[in-house]
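Below: the structure, in structure tokens.
Derivation of every value follows stated rules applied to the coordinates shown; laboratory data play no part. Model, not experiment: these values are computed from the prediction. We place every Cβ from the backbone using ideal geometry, glycine too, and count neighbours over all the protein chains shown.
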């Protein structure tokens, strides 16, 4: 079993040199194993340390918000609402090759990500068990 069991630990791993494409899926694997809403909330509740990368910081907040919505968690951690976790400019995690693709990314992105100005074309929070 993987060791990354909170968004705080995702940030710690990133700061330690682990790529997000490794850290986030490990976190998601553990999230899917969490049996209760309280355990899922605990995994997103602690504020991740700033990484020095505004995109990563906003992404972690968007992931937390998405999880809170997806699992109907009663509490949204306060750190998720922080202005410094919302990007000033849109971030397309995969470069749109046309205006049609850009529009598809904007309209098809989950609301939690749109609120943080992130449009993930290549990010999945659903993992096969």
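The figures follow:
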| item | result |
| --- | --- |
| Spans of helices (runs of 4 or more DSSP H) in segment 12-123 with at least 1 residues touching a residue at least 60 places away in the same chain (Cβ under 8 Å) and buried (at least 16 other Cβ atoms within 10 Å of the Cβ) | 20-33, 54-70 |
| Every residue from segment 46-76 that is under 13 Å from the mean Cα position of the chain (by Cα) and more than 18 Å from residue 114 (Cα to Cα) | 47, 48 |
